[in-house]
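The values are calculated or read from the model by the stated rules, or taken from the named source; none is laboratory data. Since the model is a prediction, treat every value here as computed from it, not as a measurement. Virtual Cβ from ideal backbone geometry, glycine too; neighbours counted across all protein chains shown. The accessibility values were calculated without ligands, DNA or RNA, using every heavy atom of the protein model including side chains. Shrake-Rupley method; radii C 1.70, N 1.55, O 1.52, S 1.80 Å.
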Amino acid sequence: MSTPTPENTFYVTTPIYYVNDKPHLGHVYTTMVADVVARYHRLRGDDTFFLTGVDEHAAKVSDKAAEHGLSPQAWADQNAAAFRGTFGKLEMTNDDFVRTSSDRHKRKVTEYVSALLKSGDVYEGEYVGWYDAGQEEYVPENKAKETDYKSPVNGKPLVKKAEKNYFFRLSAYVDDLLAFYEHRDQAGKGYVQPEARKNEIVNRIKEAKDVPISRTGSGGWGIPVPGDEEQTIYVWIDALFNYLTYVDDDDRRHYWESGATHFIAKDILWFHAAIWPALQMALAKCEGYEWVWGEGVQQSQLVYSHSYWVSDSGEKMSKTLGNFLDPAAIDNYVDEFGLDALRYFLATRGPLGTTDSAFSPDLFVEVYNNDLANTFGNSASRVSNMIGRYFDGSCPASSSGETREFPGVINAYQTSMQAISLWAAVIGHAMEAVGSVDSYIEQTQPFKLAKDPANLPEVGTILYNCAEALRIASVLLWPFIPDKCEAFWSRIGFGHYAEQLKGNGRGDLEAWVKWGQLKPGTPIEKGEALFPRYQVEKK
Ligand code: ME8
């Protein structure tokens, strides 16, 4: 095996989701995007690790558990199973599944916080704030001012209260964070993507103060501050460390060292853009943890922060608003159109950039018919039908022996995938190879030529070229629509691609997109339409 380098090792993560409730489209979306990217890297042959999971120690989890008369752990178990189940059904290829209540995670977080206490970057202090006694919570200064220092819930005066707390010395890392951002910008690979989100973060970093990282009164739900059982580590600090706890062992540490790609949405950018790298810098100063902030991390770690799925009326889909597509609604789409159609739609029409996307059922059908049924699905049927009719279902040979490589398409696809421009990769490039098959058929008219048996060698050349171009396109499309590509491969004698990729195995994209691998004489099965056209009922 080759030596791991940041170039051929890839680590991709999603946020770990709160288990106060079941998953919804927003969670499925981020995990799906990470899955497409992870599959692409495995297809290239990269040593890839894809991590997703759940965040359990939040107060809203124990509150919800109490409402249901369950222990926080029992409630977390139930919802963690729902997340795992949904991701499993959607064939996400995560290599592990984080649970923050696992022994592994708790043990490591305790070790990290102990080291930070020792180095002094976590210290004991006093938190002073406006306390709402009825709600048993602090109200931030700006909120308190808005309500004239009265409880927003019961109107009683808020009281100024001081409480023992542990703090993370974020203010000591302001200069290092700014230098890190600068360094990455100069190297042309910004830490925060898309670039447009960076400025607001940099301005906020300049003002950063130390942050409280513990709380009391969690009723034992959470990880205790080492040496102080009364205090629990704040859920966000516990959660951010997941990216490290699950790869902090001899077999997996090289993934961390290659620099993670963290997918998140804009709601949680501050934690990932400022607190997370500062925690890494602080930990790396502690004995035995230098590797946490090594070269590969400094050069390659990045946070990709996408926008929101919103409802038709433009509101963010969320658990609290209850306006999300829940697992049952997601299942309906999968039953009606197939899993690949959902994957394709989310990956190409989702809010990956800086604008929100509305989930519209009409657009879903339109995209399904235009992008999948009428292109890849239709071309695959046409070509295999003609091979069936004129060559008895046996792959013809190219009599001209011409080579029709697609270097432009393939390079552009690779560049787009590396830049996480999924839309450009698939619609701009991979589908271009499919489109070229359609226009080539229109130009050469094999169905007309075939009327004269003397033309069969020429028809054979045309159909060979078509089938081979579709095979190459299917390799590029696999991260997006894996099931249909695998079905297509098994029909054209390339079932071994699927075998090789099974169980998160690695492919060989460069070799697989080379022209001329389809073997004349191979039986080509017609099979059913890969994406049958969806008839919209007339109103
Ligand atoms: O924030 N559109 O968990 P969470 C797009 N536990 N993506 C959405 C979305 C929407 N409408 N709604 C949610 C937490 N998401 C913490 C994270 S990480 C160390 C701790 C996705 O359950 C998106 O990825 O609230 C967002 O960042 C995440 O779910 C928030 O999930």
- Query: So, of the residues in the stretch 21-35 that are part of a loop (DSSP other than H, G, I, E, B) and more than 8 Å from the ligand (Cβ to nearest atom), which turns out to be nearest to the chain's Cα centre (by Cα)?
  - Reply: PRO23
- Task: For the stretch 29-62, name all the residues that are farther than 27 Å from VAL109 by Cα and not charged (D, E, K, R).
- Result: TYR29, MET32, VAL33, VAL36, VAL37, TYR40, HIS41, LEU43, GLY45
- Message: Taking the conditions exactly as written (under 26 Å from ALA58 (Cα atoms) and either touching a residue at least 12 places away in the same chain (Cβ under 8 Å) or of a type in the set (Val, Ile, Thr) (or both)), does THR100 satisfy them or not?
- Response: yes
- Those residues of the stretch 470-519 which are assigned to a loop (DSSP other than H, G, I, E, B) and crowded, with 21+ Cβ neighbours inside 10 Å amount to TRP478, PRO479, PHE480, ILE481, ILE492, PHE494, GLY507, VAL513, LEU518
- Message: Going by what's in this entry, would SER305 be described as near the ligand (Cβ under 10 Å from one of its atoms) and either open to solvent by less than 40 Å² (accessible area, probe 1.4 Å) or out of contact with any Ser or Thr (no Cβ under 6 Å at 6 or more places or on another chain) (or both)?
- Response: yes
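Per-residue answers, yes or no, for (1) open to solvent by 10 Å² or more (accessible area, probe 1.4 Å); (2) farther than 20 Å from ASP248 by Cα:
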position	(1), (2)
ILE16	yes, no
ALA58	no, yes
ALA74	yes, yes
GLN78	yes, yes
- Taking the options LYS198, LYS189, name whichever one is at pLDDT below 95, open to solvent by less than 60 Å² (accessible area, probe 1.4 Å) and outside any strand (DSSP E or B). LYS198
- Looking at (1) of a type in the set (Lys, Arg); (2) closer than 29 Å to ARG533 by Cβ; (3) at pLDDT below 95, which is the one condition that is false for LYS316? (2)
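Being within 30 Å of TYR138 (Cα to Cα), in a helix (DSSP H, G or I), more than 10 Å from the ligand (Cβ to nearest atom) and modelled with pLDDT of 95 or more: is that true of ALA65 here?
Yes.
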- Query: Is it true that GLY219 is of a type outside the set (Ser, Thr, Tyr), touching a helix residue (DSSP H, G or I) at 6+ places or on another chain (Cβ under 8 Å), away from the ligand (no atom under 14 Å from the Cβ) and modelled with pLDDT under 95?
  - Reply: yes
- Taking helices (runs of 4 or more DSSP H) that do not extend beyond the stretch 351-442, which have at least 1 residues that are in contact with an Asp or Glu (Cβ under 8 Å, 6 or more places away or on another chain)? 378-391, 407-418
- Message: Quick test for you: out of TYR234, TYR246, pick the one residue that is farther than 29 Å from LEU178 by Cβ, within 13 Å of the ligand (Cβ to nearest atom) and of a type in the set (Phe, Trp, Tyr).
- Response: TYR246
- Item | Any chance LEU269 is under 26 Å from PRO72 (Cα atoms) and in the same structural domain as SER214 (by TED's automatic domain parsing) | no
- Query: Among the residues of the stretch 415-432, is any within 16 Å of the ligand (Cβ to nearest atom), open to solvent by less than 50 Å² (accessible area, probe 1.4 Å) and touching a Gly at 6+ places or on another chain (Cβ under 9 Å)?
  - Reply: yes
- Message: Quick check on this structure: which one of VAL434, VAL409, VAL475 is among the aliphatic types (A, V, I, L, M) and closer than 19 Å to PHE10 by Cβ?
- Response: VAL475
- Task: Return the pairs, sorted by first residue and then second, in which the second residue is crowded, with 24+ Cβ neighbours inside 10 Å and outside any loop (DSSP other than H, G, I, E, B), the first residue lies in the stretch 474-489 and is among the polar types (S, T, N, Q), the beta carbons are less than 7 Å apart, and the residues are 6+ apart or on different chains.
- Result: SER474/CYS485; SER474/PHE488
- Based on what the data block shows, is ALA38 part of a helix (DSSP H, G or I), more than 30 Å from PRO361 (Cα to Cα) and either within 9 Å of the ligand (Cβ to nearest atom) or open to solvent by less than 20 Å² (accessible area, probe 1.4 Å) (or both)? no
- Message: Of everything in the stretch 262-277, what is over 14 Å from LEU244 (Cβ atoms), more than 10 Å from the ligand (Cβ to nearest atom) and open to solvent by less than 10 Å² (accessible area, probe 1.4 Å)? Give them in sequence order.
- Response: ALA273, ALA274
- Could you identify the single residue in LEU51, LEU43 that is in a helix (DSSP H, G or I) and either open to solvent by 20 Å² or more (accessible area, probe 1.4 Å) or not aromatic (Phe, Trp, Tyr) (or both)? LEU43
